[in-house]
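The values are calculated or read from the model by the stated rules, or taken from the named source; none is laboratory data. Everything numeric here is computed off the predicted structure, so don't read it as measured data. For neighbour counting, all protein chains shown are included, and Cβ atoms are generated from backbone atoms with ideal geometry for every residue, glycine included.
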Amino acid sequence: MNNKTIDIIDVLSLRGPNIWTYRPVIEAWVDIGDLEDSPSNTIPGFYERLTAWLPSLVEHHCGVGVHGGFLMRLREGTWPGHIMEHVMIELQNLAGMQSGFGKARETSKRGVYKVVVRARHEEVSRAALVAARDLVMAAIEDRPYDVQGAVNNLRDILESVALGPSTGCIVDAATDRRIPSMRLNDGNLVQLGHGAKQRRIWTAETDQTSAIAETISSDKELTKTLLQSCGVPVPEGRIVNSVADAWDAAESIGLPVVIKPLDGNHGRGVSTNLRTLPDIEAAFLLAEQESSDVIVERFVLGNEHRLLIIGGKLVAAARGEEASVVADGISNISELINSQLNSDPRRGSSEDCPLNLILIDEADDPRVVLLELARQGYTTESIPPAGEKILVQRNGNVAFDVTDQVHPSVAAAASLAARIVGLDIAGVDLVAQDISRPLEEQGGAIVEVNAGPGLLMHLKPADGPARPVGRAIVDHLFAENESGRIPIVGVTGSHDTTAVSRLIAWLLHLQGTYVGLACKDGLFLRQRHVLKKSSDNWDASRQVLMNRMVETAVFENSSKTILSEGLAYDWCQVGVVTNIDPADKLPEFYIEDADQMSRVVRTQIDVVLPTGVAVLNAADPRVVELAPLCDGSVIFFAASASTAAIVTHLEQGQRAVFLRDGHIVLASDKEEILIGNAVQDKSALNIETVLAAIAAAWALGVSPDLMRVGIESFEPTDAVIAA
């Protein structure tokens with residue numbers, strides 16, 4: 001019986017560095033059944049169908065390394081697992097989630113392959129995997145397939161799970177500086193850095209954004225009062241409680257005026273250039289729907305501007321422009337808006353569009369547009385005379401970059417306004433005719449100071465260059481020499497990894513460091529046993545990295561954890577490999593021998609920082625072979641100083657830890673430090689366990705005296721269980 005189908009047996013989400021790459025991937029185990037006997041060049045019409053559906057596959061170099069390389073493999077003959085890999089990559093690319101990395105490898109079981117593809121968002125990649133399988137099968141069986149429908153579905157999933165553009169640009173900037181990031185919820189709350197060195201962002205708000213400052217900024221009258229008291233130019237005005245009161249205020253201030261809600265945002269409920277009682281009545285009712293309190297202010301002549309202040313410095317500025325249409329004498333205003341304004345590719349409803357659509361349907365709450373048209377004597381159904389210009393919207397189009405035009409005194413006023421309110425990141429709104437001149441010369445004024453300002457207008461301006469606002473926020477949070485990293489120690493190997501991890505954490509604890517430890521014995525914080533069950537998994541390690549108190553982290557990583565989840569961190573300061581047992585294998589992961597296991601264990605050494613240290617067992621040949629793969633330095637350990645790897649290592653001026661006459665020796669070139677006969681009473685500990693832990697502690701600067709005390713006082717079964 002023929003079984004020419006592709007079954008997805010299992011899917012692993014490797015969310016950190018893994019045996020394939022440093023980045024998160026989806027690893028799918030697929031069974032191609034009898035298709036193992038049907039490479040692509042034996043299936044009539046397969047090549048033509050697949051390339052017609054996905055012509056952009058020509059961009060895939062594949063292992064050939066040239067443009068069109070994958071198509072060459074396709075014509076020569078390759079198997080469905082490999083084809084699925086490339087189709088999955090291309091579907092993700094077409095959906096807007098760039099993914100260039102992929103692998104397809106046979107397992108020891110005939111017809112079963114591991115298909116591995118970069119996964120920036122697991123939900124999208126899982127859906128892309130299924131879509132890739134279905135598409136390949138449709139091409140094999142000569143059935144129709146809705147490629148665009150599949151891409152649209154992936155795009156919808158991506159939009160629902162991806163970070164917003166403002167948060168995304170900050171995370172990207174942190175990545176460029178090699179600052180690690182962790183998403184803390186399904187929204188835009190992100191941790192930059194680890195443990196005690198972390199900072200948090202939520203879109204354009206940070207953990208330095210004061211709640212008091214945010215409250216002040218949401219109260220426009222209080223903000224204006226504070227700014228005015230410090231000499232910042234603001235428009236005169238006051239709170240009003242009725243239409244009659246609004247008219248009295250307008251007459252007192254002097255027409256024209258602006259009416260807006262006291263605690264509104266994003267321009268909702270704001271009406272400008274009001275000159276008549278009917279206009280003021282309509283504007284008051286509009287603002288009242290946004291807030292219980294309404295403000296009447298002097299109308300400041302000029303364009304709206306948004307100045308982005310980060311850490312007291314002007315980083316970007318954008319100007320607003322009125323939106324208007326020109327009548328053709330045939331179309332009504334609704335049709336003119338759609339044909340002349342909403343047809344602009346820069347306008348849209350998604351976060352990626354710098355300009356918003358102008359909504360005129362009643363269901364879309366077009367109150368501001370309708371009010372503006374009514375003031376000119378029109379409705380959306382009116383057909384004005386040909387050539388007449390009709391103002392549709394006065395604000396909401398602040399997306400034209402003017403950063404390089406801002407006068408220094410204007411930048412200083414905006415910076416002062418942010419400091420007065422108390423915001424570390426602020427969107428300062430001001431009105432001026434010419435942003436390149438001082439405000440005082442033209443009667444300009446600052447009208448609002450906003451917390452959590454949107455960044456899209458500066459990232460994708462309707463006109464002008466994009467500004468590196470994400471980098472400015474990251475540089476504000478982290479000094480130039482800061483990476484947000486704490487020292488991380490990763491321990492892996494076949495045996496004794498739990499004991500090594502516990503002893504390393506104990507030695508670091510004695511140094512006065514707040515240590516977080518995740519190992520098979522549980523989760524420990526400062527030697528308190530806070531989680532009793534096995535913590536040999538991703539979640540426990542992430543708990544350590546999220547803890548603001550943790551100054552150093554120690555993680556035990558079994559081979560199974562590396563294969564099923566990946567590492568919970570991107571880089572480490574110290575990577576320890578205790579040993580690789582020749583009998584080791586994990587057949588449930590298709591790891592059949594010690595050589596394959598070595599490639600698994602290598603993952604821990606691949607992530608050692610260039611400034612870090614690999615601690616390796618010099619008595620284990622397979623472990624010794626990992627030394628050249630480390631980007632940092634290496635400390636070998638072994639029970640005997642005559643171990644070949646140690647002798648050679650010391651001759652090269654490197655460091656080693658070994659035992660001589662019962663004494664632990666720290667050796668570097670020709671210098672030696674004796675720890676003393678510290679292991680004689682620790683028969684429960686394997687000597688190599690002690691040596692590995694001592695080497696890791698040495699790499700992290702623990703003093704020899706503390707090492708001695710630590711070994712003498714360590715009790716591996718002693719744990720205080722938290723209540």
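Among the residues making up segment 509-526, those that are within 13 Å of residue 555 (Cα to Cα) and under 31 Å from the mean Cα position of the chain (by Cα) are 515, 516, 517, 518, 519, 520, 522, 523, 524, 525. Answer yes or no: is there a residue in segment 532-546 that is at pLDDT 95 or above and acidic (Asp, Glu). No, that holds for no residue. Taking segment 461-494 as the range and being among the small types (Gly, Ala, Ser) and assigned to a helix (DSSP H, G or I) as the test, the residues that pass are 470, 472.
Matching residues to (1) among the acidic types (Asp, Glu); (2) part of a helix (DSSP H, G or I); (3) within 18 Å of residue 693 (Cβ to Cβ); (4) modelled with pLDDT of 95 or more:
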{"residue": "611", "(1), (2), (3), (4)": "no, no, no, yes"}
{"residue": "623", "(1), (2), (3), (4)": "no, yes, yes, yes"}
{"residue": "628", "(1), (2), (3), (4)": "no, yes, no, yes"}
{"residue": "634", "(1), (2), (3), (4)": "no, no, yes, yes"}
{"residue": "675", "(1), (2), (3), (4)": "no, no, yes, no"}
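Annotation note: Cβ proximity below 8 Å between a residue of segment 274-289 that is in a helix (DSSP H, G or I) and a residue that is loosely packed, with under 14 Cβ neighbours inside 10 Å and not aromatic (Phe, Trp, Tyr) (sequence gap 6+ or interchain) occurs for 282/374; 284/242. If you filter segment 269-324 down to residues that are surrounded by fewer than 22 Cβ atoms within 10 Å (Cβ to Cβ) and basic (Lys, Arg), you find that the one that is nearest to residue 416 (Cα to Cα) is 313.
Out of curiosity, is residue 125 within 27 Å of the chain's Cα centre (by Cα), farther than 25 Å from residue 33 by Cβ and among the hydroxyl-bearing types (Ser, Thr, Tyr)? So residue 125 does not fit the description; no. Inside segment 46-83, can you point out the residues that are of a type outside the set (Ser, Thr, Tyr) and closer than 19 Å to residue 148 by Cβ? Hits for segment 46-83 are 48, 49, 50, 52, 53, 54, 55, 57, 58, 59. Exactly one residue out of 449, 431 is modelled with pLDDT of 95 or more and within 15 Å of residue 233 (Cα to Cα): that is 449.
Residues are listed down the side, and each one gets a yes or a no for (1) at pLDDT 85 or above; (2) touching a Pro at 6+ places or on another chain (Cβ under 9 Å); (3) among the aliphatic types (A, V, I, L, M):
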{"residue": "243", "(1), (2), (3)": "yes, no, yes"}
{"residue": "249", "(1), (2), (3)": "yes, no, yes"}
{"residue": "260", "(1), (2), (3)": "yes, no, no"}
{"residue": "265", "(1), (2), (3)": "no, no, no"}
{"residue": "272", "(1), (2), (3)": "no, yes, no"}
{"residue": "295", "(1), (2), (3)": "yes, yes, yes"}
{"residue": "299", "(1), (2), (3)": "yes, yes, no"}
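In segment 649-671, of all residues being acidic (Asp, Glu) and part of a loop (DSSP other than H, G, I, E, B), the one that is modelled with the lowest pLDDT corresponds to 669. Against the list (1) crowded, with 20+ Cβ neighbours inside 10 Å; (2) assigned to a helix (DSSP H, G or I), the condition residue 97 fails is (2). Out of curiosity, is residue 44 touching a Ser or Thr at 6+ places or on another chain (Cβ under 8 Å), in a loop (DSSP other than H, G, I, E, B) and either at positive phi or not assigned by TED's automatic domain parsing to the domain that holds residue 605 (or both)? So residue 44 does not fit the description; no.
Within the option set 35, 91, 74, being under 25 Å from residue 155 (Cα atoms), in contact with a helix residue (DSSP H, G or I) (Cβ under 7 Å, 6 or more places away or on another chain) and not assigned by TED's automatic domain parsing to the domain that holds residue 569 holds for one residue only, 91.
Considering (1) out of contact with any Ser or Thr (no Cβ under 7 Å at 6 or more places or on another chain); (2) at pLDDT below 95; (3) not in a loop (DSSP other than H, G, I, E, B), the lone condition that residue 187 does not fulfil carries the number (3).
For residue 190, the conditions (1) hydrophobic (A, V, I, L, M, F, W, C); (2) closer than 23 Å to residue 516 by Cα; (3) out of contact with any helix residue (DSSP H, G or I) (no Cβ under 7 Å at 6 or more places or on another chain) all hold with the exception of (3). Applying the condition of being among the small types (Gly, Ala, Ser) and surrounded by 18 or more Cβ atoms within 10 Å (Cβ to Cβ) to segment 35-66 and asking which residue is farthest from the chain's Cα centre (by Cα) yields 38.
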